[in-house]
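No value in this document is a laboratory result; all are computed from the given coordinates. Keep in mind that this is a model prediction, so the values were computed, not measured. FYI the Cβ positions are ideal-geometry reconstructions off the backbone, even for glycines, and counts take in every protein chain you see.
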Amino acid sequence: MNRTTLPILALALAALVVVSARAEDPPRPAPAAQPAEKLAAWPKPADKDALLTDIERVVKAHIPEMAAGGREALITAGAAAVPFVLERYGKERDEAARKRLHEVLLAITAADQTRLLAKEFESKLLPVRVFTLHRSAAFPDPEIRDAADKAWARVAKAGDKADPEERYAAALCAASAGSVAGLEALFEACSGKRWDKEKREIRAALQGARGKPATDLLLAKLEKADRKTKVAVLRMLAGCGEKAQAARLKAFLDDEDNTVRVTAINALRGMVDDAQPIEDLAAFEAIEMAKAWKGRAL
């Protein structure tokens, strides 16, 4: 090996080291997903007559294959089918047919449609109002807050005459959009049987209302509260409580009632760490976790 060859080999080895180092570098994170652009109008269907026929196939469902084919066609049509399916859903009286239309609506409605769905909050058809309010709550959008508040005001004005499902859906949607207007109805939901079935969507909707106004309203309920009220308030604070007031929950970590203690732990998890509640926390685990939370600077 001569002197000319050595520098060349050194350069080659250096290049290999660089390549090797680059190969071992951790992959760069993918760019953050951009929020979906909201639709300003419903797309026009490619074939309106065919779309209406597909809706009838789903409704009548004389043959299972016919209903399945209609459903697939409507899902393929996507957003263009929404206003037509919504209208038929609102007018349909057969429970089984309405259930099939509901399943289609869930498949063809999405986050980019909230502004259009909000226009249906004042529909003359109750099923349409309930569906659009409930569905919009799944896609937090502060821009529909005014429409949600208006829907809640109408429902609240109706009092006991209001449909229970519309009342719940309006409260859910308002919270998701960032309003505290319907928190009382969600408090009722967190106090009753609906919680066991709907807790995940209630928690998710309450995230939109997280902040001081919601926290102040709920903490006021804890003055001389009974067990049921304590649990309901703590459940809600997990979703909408502000971190700045988390220290006020430390007193509940010493509660002899394990349900209250666990709910307080989960409320702190949500308020401080933005973490999901822990389900089925055993008493001994709750005691240890409570000690840890009492030791944290809040």
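Available extension along the chain between K48 and K99 is 16.1 nm, counting 0.36 nm per residue and deducting the alpha carbon span.
Summarised as an ellipsoid, region 23-182 has semi-axes of 28, 26, 13 Å, derived from the eigenvalues of the Cα gyration tensor scaled by 5 and square-rooted, with the largest first. Loop-located trypsin sites (Lys or Arg not before Pro) across region 182-218 with a Cβ neighbour count of 16 or fewer within 10 Å are K193, with loop assigned by DSSP. Computed from Cα atoms alone, the Kirkwood hydrodynamic radius reported for region 221-298 is 12.1 Å. Put +1 on the Cβ of each Lys and Arg and -1 on the Cβ of each Asp and Glu in the chain; which of T132, L101, A232 then has its Cα farthest toward the positive end of the dipole? Among T132, L101, A232, the one farthest towards the positive end of the dipole of the chain is A232. Rounded to the nearest 20 debye, the dipole size of the chain about its Cα centre is 460 debye, using +1 on the Cβ of Lys and Arg and -1 on the Cβ of Asp and Glu. Note: relative contact order over the chain, using C-alpha pairs below 8 Å and six or more positions apart, is 10 percent.
Translational diffusion of region 169-271, estimated by Stokes-Einstein from the Kirkwood radius over alpha carbon pairs at 20 °C in a medium of 1.002 mPa s, is 163 µm² per second.
Dimensions of region 110-209 along the principal axes, based on C-alpha atoms and rounded to the nearest Å, stand at 32, 28, 20, largest first.
Within the chain, which whole H helices from DSSP have a Cα span along their axis of at least 27 Å and a mean Kyte-Doolittle hydropathy of -1.0 or more, if any?
Passing helices, by number: 5-24.
When the C-alpha to C-alpha distance is required to be over 31 Å, the pairs from K119/K221; K197/K250; K150/K221; K60/K150 that qualify are K119/K221; K60/K150.
Return an integer: the convex hull volume of the alpha-carbon atoms of the chain, in Å³ per residue.
Given the Cα convex hull of the chain, per-residue volume reads 262 Å³.
Distance from a point 7 Å along Cα→Cβ of L106 to each backbone N in region 191-212: keep the residues under 19 Å and list them by number. The answer is 194-205. Spatial offset of region 190-260 relative to region 145-166 amounts to 23 Å, using the alpha carbon center of each. Comparing mean-square fluctuations of A204, A246, A50 from a GNM of the chain with C-alpha springs under 10 Å, the top value falls on A50. Of all the options A107, A283, A80, the one that moves most in a Gaussian network model of the chain with Cα springs shorter than 10 angstrom is A283.
Given just the C-alpha atoms of region 43-108, how large is their convex hull per residue in cubic angstrom?
Details: hull volume 4.5 nm³, N = 66.
About 68 Å³ per residue, rounded to a whole number.
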